[in-house]
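In what follows, a structure is listed as structure tokens, so that the remarks can point back to it.
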Amino acid sequence: MELNVTTLEGKAAGSVQLSDEIFGLEPRIDIIQRCVNWQLAKRQAGTHKAKGRAEIWRTGKKMYKQKGTGGARHGSARVPQFRGGGRAFGPVVRSHAFDLPKKVRALALKHALSAKAKDGGLIVIDNADLKDGKTKGLIAHFSGLGLTNALIIDGAEVNTGFAAAARNIPNIDVLPIQGINVYDILRRQKLVLTKAALDALEARFK
């Protein structure tokens, strides 16, 4: 699969041959969904908590005598039936994360990349360097490329000026190649890869 390469200024910079093993797969929604669910579950805080009857500060004395009242038999006032009592089977602090095999995660990333390539949402630029680090200048570059909602993936290190300028632009995410993930690829309309990111991806999957 061949794709044209452009510069940040929108000028032509040749073409690049994309690997069919990474960008030419028929996207499988089930694999992508498994990985997205895994990511979202893993990042949940899990700090929800409700007090049980053992954690309520209240007397444990029997409320009233067992017989002769005509009412139900009750003991402690900490039980869930009463206002101010502990909650039965309430949420506890826990991790929502579950395991997903590395091979499935890698396959899901390939299918997400292939889905972007198939939908025409993949753009390749020669580099993502910006010397002055000015947001106004970067917005002008993005307007020329037609980018309003995009994920930009650079090589091992993101250019400092580019990252600083992009930080103030809504709906624009910038990540190094180590941070590429299925969820961020899908949540943005366009995926922008530098040549360094492409080389790193091909090295990773070969």
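The values are calculated or read from the model by the stated rules, or taken from the named source; none is laboratory data. Since this is a predicted model, take the numbers as computed values, not measurements. All Cβ positions, even for glycine, are placed from backbone atoms using ideal geometry, and neighbour counts span all protein chains on display. SASA here: full protein model, heavy atoms, side chains in, ligands and nucleic acids out. Shrake-Rupley method; radii C 1.70, N 1.55, O 1.52, S 1.80 Å.
Whether any residue in the range 34-43 is aliphatic (A, V, I, L, M), assigned to a loop (DSSP other than H, G, I, E, B) and open to solvent by 50 Å² or more (accessible area, probe 1.4 Å) is what I want to check. No: zero hits. Of all the listed residues (Lys42, Lys65), the sole one being under 30 Å from Ile185 (Cβ atoms) and among the charged types (D, E, K, R) is Lys42.
If you go through the range 1-18 and keep only what is more than 8 Å from Asp126 (Cα to Cα), open to solvent by less than 70 Å² (accessible area, probe 1.4 Å) and part of a strand (DSSP E or B), you end up with Leu3, Gly14, Ser15, Val16. Residues of the range 136-156 that are within 23 Å of Lys116 (Cα to Cα) and not aliphatic (A, V, I, L, M): His141, Phe142, Ser143, Gly144, Gly146, Thr148, Asn149, Asp154, Gly155. Residues in the range 46-63 that are open to solvent by 80 Å² or more (accessible area, probe 1.4 Å) and out of contact with any Lys or Arg (no Cβ under 7 Å at 6 or more places or on another chain): Thr47, Lys49, Ala54, Glu55, Trp57, Thr59, Lys61, Lys62, Met63.
If you go through the range 21-33 and keep only what is touching a residue at least 12 places away in the same chain (Cβ under 8 Å) and either over 30 Å from Ala200 (Cβ atoms) or surrounded by 11 or more Cβ atoms within 10 Å (Cβ to Cβ) (or both), you end up with Glu21, Ile22, Phe23, Gly24, Leu25, Pro27, Arg28, Ile31, Ile32.
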